[in-house]
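The values are calculated or read from the model by the stated rules, or taken from the named source; none is laboratory data. Please read all numbers here as calculations on a predicted model, not as lab measurements. Quick reminder, even Gly has a Cβ in these numbers, built from the backbone with ideal geometry, and neighbours come from all protein chains shown. With ligands, DNA and RNA removed, areas are computed over all heavy atoms of the protein, side chains included. Shrake-Rupley method; radii C 1.70, N 1.55, O 1.52, S 1.80 Å.
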Amino acid sequence: IEKLRPDLPVILLLSDSKRAPGAEKALSLARRENVRKPVSEQELERLIEHHLAPRTLHSHQDTSNPDIEHIGDEVYFVAASPAMRKIRAQAELLAKVDVPILITGENASGKKVLAQLIHKLSARSPHRFARLNCAALSADVLENELFGPSGTGSPGTSAPGGAGSLELCHKGTIVLDDFTEMPARLQAKLLGVLQEKHLFRLEGGKGLNVDVRILATTNVDLEKAVTEKKLRQDLYYRLNAFTIGMPPLRERTEELPVLLDHCMVRMAQRYGLPARDFSPALLAVCQNYSWPGNLRELENFVKRYLVMGDESLALPLGKTCTLPEVAQAPSPQTLKPASSESSTDMDGLKTLVRSIKGQTEKDAISNTLQKTGWNRKQAAQLLRISYRSLLYKIDQYQLTKPEHWHGARTGNGKRNGPAERTLPMDRQNIRIH
């Protein structure tokens, strides 16, 4: 149950452990609760309510946005753009048709998640789902993992009883990642399985029928791979009857607010840290960034921002995001780079955001000081920072009180004048964090 539904609470009702076979093993498996019989109806009802309460909150967090679909094992499918909603509809249709499917797209664009969604929506979902990375395994190991022992004595099979993934996934689904990296002789064997639904193993001289659905993913130009003899033409035509192309992240930037917030919530839960908000300036930069690393790069960005808390440090390298792109992002007129020199720096993206953040902070402090008639203690309270931090920021941004300033009148007719005395900056004991 926990493999199929890891979010589902399980309560064990145990009889006398001395007489119940396997009771001790069951005790070790129970992650939520175990209760010994007899148990009252009221106690059982209390236990159920207790364990359902946190799950209800967790489920609300996952299902409050209809664009986010929980697949299982911390895997989610996000369809918050027209392109991804269309792919979600295609996946639902193809899940009902028991044929191979080819999924194309750039690295980390979500091909594996789509494959898992198709399996979940299909009638094969109660059975095994497995993935093999054809590019990460040598030819011999891949052959053993996929087809089982070949009779050549090649090591590498880790399947119980010497069975390969095709045999173990009988009635289920197997995903072949980067299948174009598969050697030609293995492509021929795979084609035979697809055509005959029959697996022949030399060991023992036995043949066996296999009913497995194959989903293949790749990030290469398939027609070019066929031309260069890296992919068998007959295998290509066998797999490409139904093809789904996953768009890169740069072509669905309208999803970024949903993806960033969802990723932040998941990362915060994983690391036990409070989730951080994304400022409008940071969102604007993200939406104008090309994201060459797609979802993997986005996850790393959110992780850095969650841990570091500094927008400029969390940002991806600015070498692939030119400043003209970022300049198109909507921002207040006052938010300008500190200097033209920083705008042409190789790390222009970081410099721009650092400048925007600094200018925004400077404006906020200046406006608050004007509002309080340059009463720095009152300004520090409104800004929710310490008095010493405010003095440091005033010195950092070289803010000075206008000579003609006499203080603003308060409600009782008094002025917020310079009642406080300020020491020179070199005589103040300031701790810089």
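Per-residue accessible area (protein heavy atoms, 1.4 Å probe) orders V75, V302 as V75, V302, starting from the largest. For N34, the residues whose amide H sits under 5 Å from its own are L12, ignoring neighbours fewer than 5 places away on the same chain, with H placed 1.01 Å from N. Scanning residues 5 or more positions from G245 or on other chains, those with amide H under 5 Å from its amide H are T104, with H placed 1.01 Å from N in the peptide plane.
Per residue, how much accessible area does segment 216-311 show when a 1.4 Å probe rolls over the protein heavy atoms, in square angstrom? Don't skip to the end; give the middle numbers.
Details: 4780 Å² over 96 residues.
Per-residue accessible area for segment 216-311 comes out at 50 Å².
Between E254 and R36, the distance separating the two model label sites (each 7 Å from Cα on the Cα→Cβ line) works out to 6.1 nm.
Taking all protein chains as they are arranged and a probe of 1.4 Å, the heavy atoms of K224 leave approximately 110 Å² accessible to solvent. Counted residue by residue at 0.36 nm each, then reduced by the alpha carbon distance between them, the extension gain from Q195 to K230 reaches 10.6 nm.
Under 5 Å from the amide H of V212 lie the amide H atoms of K171, each residue being 5 or more positions distant or on a separate chain, with H modelled from the backbone and absent for Pro and chain starts. Exceedance of the 18 Å cut-off in Cα-Cα distance is limited, within the set K303/K393; K197/K229; K120/K189; K197/K224; K371/K401, to K303/K393; K197/K229; K120/K189; K197/K224. Accessible surface calculations at 1.4 Å, restricted to protein heavy atoms, place segment 74-119 at 39 Å² per residue. For F77, the accessible surface of its heavy atoms amounts to roughly 10 Å² (probe 1.4 Å, protein chains only, rounded to the nearest 10).
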